[in-house]
Amino acid sequence: FQYLKRFDQGCDLDTFWYEALSVEGSPAQCLQLFLLHCGIVDPSWAELRNFTWFLNVQLRDCEASVFCNPHFVQDTLSGF
């Protein structure tokens, strides 16, 4: 949710890192963003769960990768 929220606001996601146990927005806002970005017009709960699980895994791997660390790559992969 935190990444999608910032993406919609046009924020630079290259410098954002998820903060564990931090809470932003309401459950309704969270669901609304998931419905907007999941790519399915009328998703089931299972499809929403799969979308959020996949997104979470990809973002966690991205944060853990040295190649996505802006301090390591500096400006060589800006926006990648």
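How big is the dipole moment of region 1-68 about its Cα centre under a simple scheme where the beta carbon of each Lys and Arg is +1, that of each Asp and Glu is -1, and everything else is neutral? Debye, nearest 20, please.
The calculation lands at about 120 debye.
Based solely on its DSSP helices, what 222 nm [θ] is calculated for the chain when runs of n ≥ 4 H residues each add -39,500 (n - 2.57) and the sum is averaged over all residues, nearest 500 deg cm²/dmol?
-15500 deg cm²/dmol
Let me check something: with ligands and nucleic acids excluded, how do V23, V57, V66 order by accessible area (1.4 Å probe), largest to smallest?
The ordering from most to least exposed comes out as V23, V66, V57.
Could you tell me which of S26, A64, Q9 has its Cα farthest along the dipole of the chain towards the positive end, charges placed at Cβ (Lys, Arg +1; Asp, Glu -1), taken about the Cα centre?
S26
Could you work out what % of the accessible surface of the chain is carbon and sulfur, using a 1.4 angstrom probe and leaving DNA, RNA and ligands out of the count?
Carbon and sulfur together cover 60 percent of it.
For the chain, build the convex hull from the C-alpha positions and give me its volume per residue in Å³.
Expressed per residue, the convex hull around the Cα atoms of the chain is 103 Å³.
Could you do me a favour and compute the accessible area per residue for the chain, 1.4 Å probe, result in Å²?
78
Full-extension gain between L13 and L35, please, as 0.36 nm times their residue separation minus the C-alpha to C-alpha distance.
Between L13 and L35, full extension yields 5.9 nm more.
Need one value: the accessible area of C62 in square angstrom, 1.4 angstrom probe, rounded to the nearest 10.
60
For the chain, with a Gaussian network of springs between Cα atoms less than 10 Å apart, report the residue from A64, A46, A20 with the top mean-square fluctuation.
A20
Could you work out how far helix 27-37 tilts from the main Cα principal axis of the chain, as a 0 to 90 degree angle to the nearest 10?
80
Counting pairs of alpha carbon atoms under 8 Å apart in space and at least six apart in sequence, what relative contact order in percent does the chain give?
30
The values are calculated or read from the model by the stated rules, or taken from the named source; none is laboratory data. Here the structure is a predicted model, which is why all the values come from computation and not from measurement. Note that we place each Cβ from the backbone using ideal geometry, even for glycine, and neighbour counts take in every protein chain shown. Ligands, DNA and RNA are excluded from the accessible area calculation, which covers all protein heavy atoms including side chains. Shrake-Rupley method; radii C 1.70, N 1.55, O 1.52, S 1.80 Å.
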